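**Student:** Got a structure here, written out as structure tokens. Questions coming.
The values are calculated or read from the model by the stated rules, or taken from the named source; none is laboratory data. Computed from a predicted structure; not experimentally measured. Positions of Cβ are generated from backbone atoms using ideal geometry, with glycine treated the same way; all protein chains shown enter the neighbour counts.
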Amino acid sequence: MYAYDKYDHALVNARVAEFRDQVDRRVKGELTEEEFRPLRLMNGLYLQLHAYMLRVAVPYGTLSADQMRTLALIARKYDKGYGHFTTRQNIQYNWPKLSDTPDILQELADVEMHAIQTSGNCIRNVTTDQFAGATADEVADPRPYAELIRQWSSFHPEFSFLPRKFKIAITGADIDRAAVKWHDIGLVVKKNDAGEIGFEVLVGGGMGRTPVIAKTIRDFLPEADLLSYLEAILRVYNEQGRRDNKYKARIKILVDAMGADEYARQTEEEWQKIKDLPIDFPAEEAARIKAFFAPPPLQVLSDDVPAVEELAAKNFLFGAWVKNNTNQHKVPGHVNVTISVKPHGGIPGDATAEQMELVAALADEYSQGELRISHEQNLILPHVAKKDLPAIWADLDEAGLGTPNAGLLTDMIACPGLDYCSLANARSIPLAQEIGKRFDDFKRLQDIGPLKIKISGCINSCGHHHAGHIGILGVDRKGEENYQLLLGGSGAEDASKAAILGPGFDENGIIDAVEKVVAVYLGERTDGEEFLATYRRVGPQVFKEAVYGTR
Amino acid sequence: MALVNLTGIQAGDFTVLAEDQTPAEAAAVAVPLSRLQDEGDDFFKVAGPVGAVLATDTNYADLAPLMNKIAFVVIDFPAFGDGRGFSLAVRLRKDVGFKGEIRATGPVIPDQALFLLRAGFDTVEVPDAREAAFKAALKRFDAFYQTDYTGQVSLAHARHSKNQERKAS
């Protein structure tokens, strides 16, 4: 993991001091709420329906056990004993007192964390594959590049007041677990024929009310040119992105308006002018940062562990958990464990301070003191020896964290919705809870197989409904909560936009509709065919007829 | 209003020329770019130092033909969040090679002081009540993650340089 040096510490501490001064001026009335707003937003502090919300960055979703313990401490000391892990690999606290927020930021700074640029029209937390550096299907660990981008984008003098927020995601794996094609910039780490590392660069992806899948503007950008090329992309956007309408201000609208080829041309033209200036990190700096992400010294072990197989044969839930919640590590005999934060009937992504502390203790004992957060709002123990799975599962299960549903229908993404958010039109959490209860049969879930439901409580689509195999969008219809059903989206390497199937439903109706959709899939699928493949093969009509009847 | 000097430049003392007003002989005047583009050589002969007032949506390339006629530039922010002003200043330094004073006007906020400095601004006009906050904000950070166009080299370089941070004049 990256460790701060004196410069990183100084910058983060200076930021805390600055924010303490701003809060102090606000509390004394020297700053109006209007003046304070942009300042607090730059530190991740939102004003929501009922209270302030603080969004803390977990850069590229990697954190240490000690950092997780600090997150737990903050939940207990300054909030109501829990936190919410988000689709951007961050954590949100829903009930902090304004006057406490400088102390919270200091607690974070002391363990090399911050809330910088988790909000505002700037470059946000860079996200990546939750299994980065640990998965078998990877060209290279993307996290050193994410850290280089984190530093470059922090307090950028030119790009801190963009037309709109700006999200960069990077993956180094064949399977895209970071949804890079749905980001303002997506980066895919690649090797060229000479074996050199570089990036495929995509721009203009995004969800919101206008979902767009990013387009490739460069097939192979050499590693050493990363930051200057990003600067060129950002300069074109900062100058030409629309500022007259916040719903048309994201880069996707600009790329769409000028065309990806023209965007590529303008980027290239600008990049040629700056690429030889000392904008890019020198090779020594890349080496320094990569050293922090050196693979842990894991012993090669056997993938056949009889104790695991025996317990799996005896205990269906453990067997399902091993099947669904573990991912093959690049070192034989090891796996990456997904800890589901999606208990049936629970709030997707919410974890209590006690749960966070347990996970931190497990990380110390079994995963090299390292943890990850996935964009699907789960926690990950990387680098786990397979033989330790029974002990880990027993501890997790006792704490309500043993749900064996990773990647299955109830592993839903849901935005906070109308329960917390001032933008929402409808509730998301109760719907997710009801779906969890309706599908609370693990044999049935296992039979249904991989299926991603994603729920947003408004058109801003924080719940990624556009990328759901089944997407649900909450809207307001004449004062009533109404839910639209979308099918066929994907956030993976085969990214696609989900399409609305037909008229919306009330809360009970939408859950019935999901049941019908699943029933159609079970009836139509061929051997081993997953939901999305079946939908793509048979098309929407048969689903439409089942849900709405023949007309 | 107070003038905060970010770089220590000899700041210009000028008046903004009203529409249709002709400059007094040898007077330092700031004039909207659109008017400067229409003025002939006589205008520049009569006036003293002439500056261009730019909206944030100005294309930097429009300045190039006037570069040897103008002494300073004023970039007028309509709102503090209009970040085009930062790129425009960068362009003037980097692409046009403008060496004169660049001044920021409009509702910029103290927390932008270092961003303004590092984007290439020399001076910023602020309400008197905010002068102290602007000056304090300038001292908040002394190390930076990015190479910029004012001579600051990124920490990524400074970490490996024998002289530590190099700061250009």
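**Student:** Can you tell me which of B:156, B:104, B:89, B:113 is buried (at least 19 other Cβ atoms within 10 Å of the Cβ) and not assigned by TED's automatic domain parsing to the domain that holds residue B:32? Can you show your working first?
**Tutor:** On the way: B:104 fails: not assigned by TED's automatic domain parsing to the domain that holds residue B:32; B:89 fails: not assigned by TED's automatic domain parsing to the domain that holds residue B:32; B:113 fails: not assigned by TED's automatic domain parsing to the domain that holds residue B:32.
Of the residues listed, the single one that is buried (at least 19 other Cβ atoms within 10 Å of the Cβ) and not assigned by TED's automatic domain parsing to the domain that holds residue B:32 is B:156.
**Student:** Suppose we filter B:12, B:48, B:97 for residues that are in contact with a Pro (Cβ under 8 Å, 6 or more places away or on another chain) and either surrounded by fewer than 16 Cβ atoms within 10 Å (Cβ to Cβ) or outside the structural domain of residue B:133 (by TED's automatic domain parsing) (or both); which single one remains? I'd like the intermediate steps shown before the answer.
**Tutor:** Numbers: B:12 fails: either surrounded by fewer than 16 Cβ atoms within 10 Å (Cβ to Cβ) or outside the structural domain of residue B:133 (by TED's automatic domain parsing) (or both); B:97 fails: in contact with a Pro (Cβ under 8 Å, 6 or more places away or on another chain).
Only one candidate passes the filter, namely B:48.
**Student:** Continuing with the same structure: Looking at region A:238-248, which of its residues are out of contact with any Asp or Glu (no Cβ under 8 Å at 6 or more places or on another chain) and either within 23 Å of residue A:209 (Cβ to Cβ) or of a type in the set (Gly, Ala, Ser) (or both)? Talk me through it step by step, then tell me what you get.
**Tutor:** Taking region A:238-248 first, the residues out of contact with any Asp or Glu (no Cβ under 8 Å at 6 or more places or on another chain) are A:239-242, A:244-248.
Residues satisfying the conditions are A:240, A:241, A:242, A:244, A:245, A:246, A:247, A:248.
**Student:** Could I ask something else about it? Do we have residue A:443 as among the basic types (Lys, Arg), touching a residue at least 60 places away in the same chain (Cβ under 8 Å) and assigned by TED's automatic domain parsing to the domain that holds residue A:313 here?
**Tutor:** Details: among the basic types (Lys, Arg): yes; touching a residue at least 60 places away in the same chain (Cβ under 8 Å): yes; assigned by TED's automatic domain parsing to the domain that holds residue A:313: no.
No, not satisfied.
**Student:** Looking only at region A:123-137, filter to residues that are at pLDDT below 95 and more than 17 Å from the chain's Cα centre (by Cα); which one of those is farthest from residue A:245 (Cα to Cα)? Break it down stepwise before answering.
**Tutor:** Restricting attention to region A:123-137, the residues satisfying the condition of being at pLDDT below 95 are A:125, A:135-137.
Okay, now just the ones that are also more than 17 Å from the chain's Cα centre (by Cα), so A:135-137.
Values: A:135: 42, A:136: 44, A:137: 41 Å.
Among them, the one singled out is A:136.
**Student:** Restricted to region A:16-60, and to residues that are more than 16 Å from residue A:99 (Cα to Cα), in contact (Cβ under 8 Å) with a residue 24 or more places away in the chain and within 12 Å of another protein chain (Cβ to nearest Cβ), which residue is farthest from the chain's Cα centre (by Cα)?
**Tutor:** Filtering region A:16-60 for residues that are more than 16 Å from residue A:99 (Cα to Cα), in contact (Cβ under 8 Å) with a residue 24 or more places away in the chain and within 12 Å of another protein chain (Cβ to nearest Cβ), the one farthest from the chain's Cα centre (by Cα) comes out as A:38.
**Student:** If you don't mind, there's one more thing I want to ask. Consider residue B:84 carefully, then state whether it is at the interface with chain A (Cβ under 9 Å from one of its Cβ atoms), touching a helix residue (DSSP H, G or I) at 6+ places or on another chain (Cβ under 8 Å), among the charged types (D, E, K, R) and buried (at least 19 other Cβ atoms within 10 Å of the Cβ).
**Tutor:** For residue B:84, the condition - at the interface with chain A (Cβ under 9 Å from one of its Cβ atoms), touching a helix residue (DSSP H, G or I) at 6+ places or on another chain (Cβ under 8 Å), among the charged types (D, E, K, R) and buried (at least 19 other Cβ atoms within 10 Å of the Cβ) - is met.
**Student:** Can I ask one more? When you go through A:173, A:134, A:169, A:140 one by one, which is the residue that is in contact with a strand residue (DSSP E or B) (Cβ under 6 Å, 6 or more places away or on another chain), farther than 20 Å from residue A:237 by Cβ and crowded, with 24+ Cβ neighbours inside 10 Å?
**Tutor:** A:134
**Student:** What's the total number of residues in region A:242-266 that are in a loop (DSSP other than H, G, I, E, B) and buried (at least 19 other Cβ atoms within 10 Å of the Cβ)? Step through it out loud before you land on a result.
**Tutor:** Quick first cut of region A:242-266, residues in a loop (DSSP other than H, G, I, E, B) only: A:242-245, A:249-250, A:259.
Next, from what is left, pick out any that are buried (at least 19 other Cβ atoms within 10 Å of the Cβ): A:243, A:249-250.
Result for region A:242-266: 3.
**Student:** Quick check: anything in region B:69-76 buried (at least 16 other Cβ atoms within 10 Å of the Cβ), within 23 Å of residue A:120 (Cβ to Cβ) and at the interface with another protein chain (Cβ under 10 Å from one of its Cβ atoms)?
**Tutor:** no
**Student:** Still on this model: Say whether the condition of being acidic (Asp, Glu), out of contact with any Phe, Trp or Tyr (no Cβ under 6 Å at 6 or more places or on another chain), in a loop (DSSP other than H, G, I, E, B) and within 27 Å of residue A:121 (Cβ to Cβ) is met by at least one residue in region A:189-211.
**Tutor:** Checking region A:189-211: not a single residue is acidic (Asp, Glu), out of contact with any Phe, Trp or Tyr (no Cβ under 6 Å at 6 or more places or on another chain), in a loop (DSSP other than H, G, I, E, B) and within 27 Å of residue A:121 (Cβ to Cβ).
**Student:** Within region A:472-486, track down each residue that is surrounded by fewer than 24 Cβ atoms within 10 Å (Cβ to Cβ) and either in contact (Cβ under 8 Å) with a residue 12 or more places away in the chain or within 22 Å of residue A:535 (Cα to Cα) (or both). Even if it seems obvious, please write down each step before you answer.
**Tutor:** Keep residues of region A:472-486 that are surrounded by fewer than 24 Cβ atoms within 10 Å (Cβ to Cβ), which gives A:475-482, A:484, A:486.
Correct list: A:475, A:476, A:477, A:480, A:481, A:482, A:484, A:486.
**Student:** May I pose another question? Can you say whether residue A:169 is at pLDDT 95 or above, outside any loop (DSSP other than H, G, I, E, B) and farther than 30 Å from residue A:330 by Cα, as far as the supplied structure shows?
**Tutor:** Values: at pLDDT 95 or above: yes; outside any loop (DSSP other than H, G, I, E, B): yes; farther than 30 Å from residue A:330 by Cα: no.
No, not satisfied.
**Student:** From the list A:432, A:406, A:394, A:426, exactly one residue is assigned to a helix (DSSP H, G or I), crowded, with 23+ Cβ neighbours inside 10 Å and of a type in the set (A, V, I, L, M). Which is it?
**Tutor:** Values: A:406 fails: assigned to a helix (DSSP H, G or I); A:394 fails: crowded, with 23+ Cβ neighbours inside 10 Å; A:426 fails: assigned to a helix (DSSP H, G or I).
Just a single option satisfies the conditions, and that option is A:432.
**Student:** So, in region A:31-81, exactly how many residues are within 30 Å of residue B:107 (Cα to Cα) and of a type in the set (D, E, K, R)?
**Tutor:** Taking region A:31-81 as the starting set, the residues that turn out to be within 30 Å of residue B:107 (Cα to Cα) are A:31-49, A:51-57.
Imposing the further condition that a residue be of a type in the set (D, E, K, R) reduces the set to A:33-35, A:37, A:40, A:55.
The qualifying residues number 6.
**Student:** Quick check on region B:116-159: of everything there that is among the polar types (S, T, N, Q) and facing chain A (nearest Cβ under 10 Å), which residue is nearest to the chain's Cα centre (by Cα)? Don't jump to the end; show me each part of the working.
**Tutor:** Here is the first cut: in region B:116-159, the residues among the polar types (S, T, N, Q) are B:123, B:146-147, B:150, B:152, B:154.
Checking the rest, the ones that are also facing chain A (nearest Cβ under 10 Å) come to B:146-147, B:150, B:152, B:154.
Numbers: B:146: 20, B:147: 19, B:150: 12, B:152: 17, B:154: 22 Å.
So the residue we want is B:150.
**Student:** Within 9 Å of chain A (Cβ to nearest Cβ) and more than 17 Å from the chain's Cα centre (by Cα): does that describe residue B:112? Give the derivation first.
**Tutor:** Numbers: within 9 Å of chain A (Cβ to nearest Cβ): yes; more than 17 Å from the chain's Cα centre (by Cα): no.
Considered against the rule, which asks whether it is within 9 Å of chain A (Cβ to nearest Cβ) and more than 17 Å from the chain's Cα centre (by Cα), residue B:112 comes out as no.
**Student:** Does residue A:152 meet the test of being within 13 Å of chain B (Cβ to nearest Cβ) and of a type outside the set (Lys, Arg)?
**Tutor:** On the way: within 13 Å of chain B (Cβ to nearest Cβ): yes; of a type outside the set (Lys, Arg): yes.
For residue A:152, the condition - within 13 Å of chain B (Cβ to nearest Cβ) and of a type outside the set (Lys, Arg) - is met.
**Student:** When the residues of region A:279-314 are filtered to those that are assigned to a loop (DSSP other than H, G, I, E, B), free of Cβ contacts under 8 Å to residues at least 12 places away in the same chain and exposed (fewer than 13 other Cβ atoms within 10 Å of the Cβ), which remaining residue is nearest to the other protein chains (Cβ to nearest Cβ)? So that I can check it myself, show each step before the final result.
**Tutor:** Restricting attention to region A:279-314, the residues satisfying the condition of being assigned to a loop (DSSP other than H, G, I, E, B) are A:279-282, A:293-305.
Now drop any that are not free of Cβ contacts under 8 Å to residues at least 12 places away in the same chain, which leaves A:282, A:294, A:297, A:304.
When the remaining residues are screened for being exposed (fewer than 13 other Cβ atoms within 10 Å of the Cβ), the result is A:294, A:297, A:304.
Working: A:294: 18, A:297: 26, A:304: 46 Å.
The residue in question is A:294.
**Student:** Give the residues of region B:92-109 that are of a type in the set (D, E, K, R) and more than 8 Å from chain A (Cβ to nearest Cβ), sorted by residue number.
**Tutor:** Within region B:92-109, the first condition is being of a type in the set (D, E, K, R), and the residues that meet it are B:93-95, B:99, B:101, B:103.
B:93, B:99, B:101, B:103 - these are the residues of region B:92-109 that are of a type in the set (D, E, K, R) and more than 8 Å from chain A (Cβ to nearest Cβ).
**Student:** Among A:431, A:445, A:486, which is the only one that is within 16 Å of residue A:210 (Cα to Cα) and at pLDDT 95 or above? So that I can check it myself, show each step before the final result.
**Tutor:** On the way: A:431 fails: within 16 Å of residue A:210 (Cα to Cα); A:445 fails: within 16 Å of residue A:210 (Cα to Cα).
The conditions single out A:486.
**Student:** Please return the ranges of strands (runs of 3 or more DSSP E) entirely within region B:1-91 where 1 or more residues are without any contact (Cβ under 8 Å) to a residue 60 or more places away in the chain, touching a strand residue (DSSP E or B) at 6+ places or on another chain (Cβ under 8 Å) and within 30 Å of residue A:165 (Cβ to Cβ).
**Tutor:** Numbers: elements: B:2-5, B:29-32, B:50-55, B:72-76.
Of the strands (runs of 3 or more DSSP E) lying wholly inside region B:1-91, those with at least 1 residues that are without any contact (Cβ under 8 Å) to a residue 60 or more places away in the chain, touching a strand residue (DSSP E or B) at 6+ places or on another chain (Cβ under 8 Å) and within 30 Å of residue A:165 (Cβ to Cβ) span B:50-55, B:72-76.
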